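Shown next, in structure tokens, is the structure this report addresses.
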Amino acid sequence: MERGSYDTIVIGGGPGGLAAATKAKELGMRVLLLENRDMLGGIPLQCVHPGFGLHYFKEDLTGTEFIYRFIDKFEKLGVEGYTRAHLLEIELVSDVEKRLRVATPNGIKKFETKSIIYTTGARERHIFEIGITGNRVPGIFTAGEAQTMMDIYGIMPGKEILILGSGDVGLIMARRFALEGAIVKGVIEIMPFPGGLTRNVVQCLQDFGIPLYLSHAVTRIEGTKRVERAIICEVTEDLRIKEGTEREIKCDTVVVAAGLVPYIKILEKIGVTKDEATKGPIVNDHLETSIPGIFTAGNALVINDLVDFVVEQGEEAALGALEFVEKGGIPTKRWRRIVRGRNIRLVIPHYVSGERDVMIYARVSKPEENVKVRFPEIGKEVKLQVVKPAEMIRLKLKKEEIGKARDKITMEVVKDERD
Amino acid sequence: MNEIKTHRITCIVCPLGCEIEIKTKNNGEIESISGNKCPRGKDYAIQEITAPKRVVMSVINVKGSVFPTVSVKTSKPVLKKLIPKVMEEISHIELEAPVAIGDVIVKNVAGSDADIVATRPAPRLK
Ligand code: SF4
């Protein structure tokens, strides 16, 4: 057993973890950060495009610039951290005592802590999860793999590339491939609208004349020694394949950008309750999971569209951990449940106390214009010109507002009649 | 001949994403702009039709560091038509570690008035 015990141990050294660990250190906590790769920084290390930090730093930074601000802060504050440290197991000794078993280059180590901030990010959905048949040949990558190859190691994944999925990741990769001289044959999107921000549709696809195939799916990938072609077809409104619409697209590479899923394997193993809408843990307004003293933030909690939200959540989780350590728990007189109403696909957090202001993050199911976001139980309304599945709704509920509700607060999107 | 050309662009200034239609005359003069729900859209449309600009990002090979590349960007948006030239100019560069964030790699790249600056450090391997 390592000597001493920590107030909090942060699992994962990406943006959420770095924000949580630096905040915890600033709050005077005994904090340790564990990262399983050999460098701190996580995914933004390979995000060479701008669009980061507009909320948090009020500047337009690349992902790399953004994350190095946190890495520098982490080092300047002298936060204790290990890279190449792989969490194997969490043992719950008591509500205020957890033991971690961690694989390191120097063997298995054990750490004791009062709380945990779990910021392991997300994993990419793989081709096997989206029902594509055909040959399993070289030339099929996830977007993250292709990005690591190109923007960390400087290796082009292919020459004629077809991209699957029009979320921001897929769009941004399309631009990077095109800039570096590859021919991007198209971006295939199963939904009737693009998954990413309009800005990215314009600047990543239209700028380079890359076709976007909406309401299309890839059904097969074929080739012998390498990908040679993909078979695409149109889909109906209920996402069923339209017979007779099959078409072949020649390409040597298929890049799958089919979305992200919170990566919370070890939390699931110890019984953290999961939200089927977010695929992440159920949390309260300090981002504490259903297990006392285990907090989460960033893409392990919910897939965020901006890294700014990830670090904001990391800092909130650190505040939660501090309160937990000081009071031996997160006390509240009454938890109010946040309930998903009309056109709300997911919302974070799930429980609010009314003892602090809370940032609400939500995503709609379908695009709508001229709407109100409404919380009927507390009489709050916010007008929005447009809501889109690609853009999270982020707004603050004040503690006095939350206090008006008895046991639940519904969040819904309704048409703004007076328009 | 006084032909009118119609361009359609999507405004990206705010999440509304208005579809803006711009009509231009032969000499490039703007005849009309419609579809924008606010004046910011008009400014954006004029910029996009007359001199669209973008920030360009890439990676450049570097020797003697943890990763074999540093990431770079243009210090400000460059004219869209200069982008291929910018990419061409930086494709031959090979750097030596160390490189720090903000280091200027190329001054006035492709005559764009923007510099190529490093956005990811490349510390020297010990
Ligand atoms: S024209 Fe105005 S309202 Fe429309 S997208 Fe542009 S900025 Fe938004």
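Every number here is computed from the coordinates shown, using simple stated rules; none is lab data. Please read all numbers here as calculations on a predicted model, not as lab measurements. As a convention, Cβ positions derive from the backbone with ideal geometry for all residues, glycine included, and neighbour counts pool all protein chains shown.
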Determine which aspartates and glutamates satisfy two conditions relative to A:K274: a Cα distance under 20 Å, and not lying fewer than 8 residues away in the same chain.
-> A:E89, A:E91, A:D95, A:E124, A:E129, A:D285, A:E288, A:E316
Nearest 10, in degrees from 0 to 90: the angle of helix A:168-179 to the longest Cα principal axis of chain A is 50
With respect to the cross-link table entries A:K109/B:K73; A:K185/A:K242; A:K73/A:K396, which display a Cα-Cα separation exceeding 32 Å?
-> A:K109/B:K73
So, by mean Cβ neighbours within 10 angstrom, what's the order for A:370-376, A:344-350, A:102-108 with the highest one leading?
-> A:344-350, A:370-376, A:102-108
Proportion of all alpha-carbon pairs of region B:57-118 beyond 13 Å (%) | 57
Helix B:39-50 vs. chain B, principal-axis angle (Cα, 0 to 90°, nearest 10) | 70
Note on region A:293-419: alpha-carbon gyration tensor, axes a ≥ b ≥ c; rule is a/c under 1.5 for rounded, else prolate if a/b larger than b/c, else oblate; result oblate
Shielding score for B:53-60, defined as the mean number of other chain Cβ atoms within 10 Å | 6
Point-charge dipole on Cβ atoms (K/R +1, D/E -1) for region B:1-123, about Cα centre, debye to 20 = 280
In nanometres, what is the gap between the two model label sites at B:E29 and A:K398, each 7 Å from Cα along Cα-to-Cβ?
-> 5.5
Tell me the label-point distance for the pair B:S91, A:R37, using the 7 Å Cα-to-Cβ offset, in nm and rounded to one decimal.
-> 2.7
Distance in nm between label sites at A:L77 and A:Q385, each 7 Å beyond Cα in the beta-carbon direction?
-> 3.7
Relative contact order [Cα under 8 Å, 6+ residues apart], chain B, whole percent | 19
Inter-chain shielding of A:200-210 (mean C-beta neighbours from other protein chains, 10 Å cut-off) = 2
Quick one: compute the contact order of chain A, relative version, from alpha carbon pairs under 8 angstrom and 6+ residues apart, as a percent.
-> 15
Note on chain A: alpha-carbon gyration tensor, axes a ≥ b ≥ c; rule is a/c under 1.5 for rounded, else prolate if a/b larger than b/c, else oblate; result oblate
Too long for a 23 Å Cα-Cα cut-off, among A:K76/B:K126; A:K58/A:K327; A:K372/B:K23; A:K269/A:K399; A:K58/B:K107; A:K265/A:K399, are A:K58/A:K327; A:K372/B:K23; A:K269/A:K399; A:K58/B:K107; A:K265/A:K399
Please average, across the residues of B:11-17, the number of beta carbons from any other chain that are within 10 Å of each residue's own beta carbon, and give a whole number.
-> 6
Give the shape of chain B as rounded, prolate or oblate, defined through the alpha-carbon gyration tensor: a ≥ b ≥ c are the square roots of its eigenvalues, a/c under 1.5 means rounded, and otherwise the shape is prolate if a/b is larger than b/c and oblate if not.
-> prolate
Quick one: helix A:307-327 against the long Cα principal axis of chain A, what's the angle to the nearest 10°, folded into 0 to 90?
-> 20
For A:V96 and A:N370, compute 0.36 nm times the residue count separating them, minus their Cα-Cα distance, and round to one decimal in nm.
-> 93.9 nm
For region A:23-67, what relative contact order do you get, as a whole percent, if you take Cα pairs closer than 8 Å and at least 6 residues apart?
-> 29
Can you list which of the GluC sites (Glu not before Pro) found in region B:1-102 are DSSP loop residues with at most 14 other C-beta atoms within 10 Å?
-> B:E3, B:E29
Using only Cα atoms, figure out Rg for region B:4-50 and give it as a multiple of 2.2 N^0.38 Å.
-> 1.05
Counting GluC sites (Glu not before Pro) as exposed when in a DSSP loop with at most 11 other beta carbons within 10 Å, what is the longest stretch of chain A free of them?
-> A:1-236
